[in-house]
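Computed from the coordinates by the stated procedures, all read-outs in this text should not be read as laboratory data. Quick caveat, the model's predicted, so the values are computed rather than measured. Note that each Cβ is placed from the backbone with ideal geometry, even for glycine, and that neighbours are counted across all protein chains shown.
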Amino acid sequence: MFLETERLILRRFPEEDMDNHFELDSDPEVMRYLTGGKQTPRAVIRDEVLPGFLRDYERFDGLGTWAVVEKSTGDFLGWFGLRPSKDDRGEVELGHRLRRSAWGKGYATEGSRTLIQKGFTELDVQRVFAQTMAVNLSSRRVMEKSGLTFVRTFHLEWDEPVAGAGHGEVEYALTRADWERRKEHRTGT
């Protein structure tokens with residue numbers, strides 16, 4: 001186990017999770033803002049995605065992409081990621097992908113907040129950022145509830161633009177200094 005929250009367990013991805021990951025990436029609604037709803041081919045997950053997760057565990061101690069399971073049932077819900085930006089451990093990208101059955105239950109915010117805290121308290125992270133399509137209001141709300149603030153809107157070049165791509169991408173972020181100030185304000189110290 002990598003990390004535990006009140007309702008979730010985050011753990012390394014074993015190769016046996018390939019079917020779970022394939023099922024997750026096969027849901028058109030889950031993939032809507034990533035691929036326009038197209039599933040990730042099983043061979044890509046087997047040959048690229050999961051091996052990449054495993055390499056990251058070795059390269060970046062404490063950072064990576066973590067399978068998430070519901071504590072009470074043991075059910076695979078998806079993943080959370082806290083990955084270095086361009087091999088810079090001081091600046092990390094926060095992300096998540098959850099099954100639809102896990103949407104609307106606060107899991108995304110719970111896992112994100114816990115990863116942010118771990119990054120700032122144990123992993124020497126200086127800045128956490130997250131990005132999504134501007135039209136992905138649910139993900140934007142999770143970023144805000146997790147303590148990140150809006151930084152910018154930018155535009156990417158898409159080989160195959162998905163619906164809403166014309167509105168651009170957004171970045172949200174939180175620095176360690178801002179996180180510590182908020183923590184001090186909450187605790188009154």
Among bridges DSSP assigns within region 90-186, what percent are antiparallel (round to 5)? 80
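For the residues Asp27, Asp159, what sequence is obtained by ranking on other C-beta atoms within 10 Å, fewest first?
Working: Asp27 15, Asp159 4.
Taking fewest neighbouring Cβ atoms as first place, the list is Asp159, Asp27.
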Exposure proxy ranking, count of Cβ atoms within 10 Å, fewest first, for Ile45, Ile9: Ile9, Ile45
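For the chain, with only Lys/Arg (+1) and Asp/Glu (-1) charged at the beta-carbon, what is the dipole magnitude about the Cα centre, in debye rounded to 20?
Working: 29 positive and 33 negative charges, 155 e Å.
My answer is approximately 740 debye.
How would Ser112, Ser138 line up from fewest to most surrounding beta-carbon atoms within 10 angstrom?
On the way: Ser112 23, Ser138 12.
The most exposed by this proxy come first: Ser138, Ser112.
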Non-local residues with an amide H under 5 Å from the amide H of Leu77, with H modelled 1.01 Å from N and Pro and chain starts lacking one, are Val68, Val69, Glu70
For the chain, whose charge dipole is built from +1 on Lys and Arg Cβ atoms and -1 on Asp and Glu Cβ atoms, the candidate among Phe2, Thr65, Trp103 with its Cα farthest towards the positive end is Trp103
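Counting helices only, and only those DSSP H runs with n ≥ 4, report the 222 nm mean residue ellipticity of the chain as the sum of -39,500 (n - 2.57) divided by its residues, in deg cm²/dmol to the nearest 500.
Details: 6 runs with 59 residues, N = 189.
Only helices count here, giving -9000 deg cm²/dmol.
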Find how many whole Å separate the alpha carbon centroid of region 34-61 from the alpha carbon centroid of region 134-178. 22
Under 29 Å from the Cα of Lys86 - lysines, other chains or at least 8 residues apart: Lys38, Lys118, Lys145, Lys183
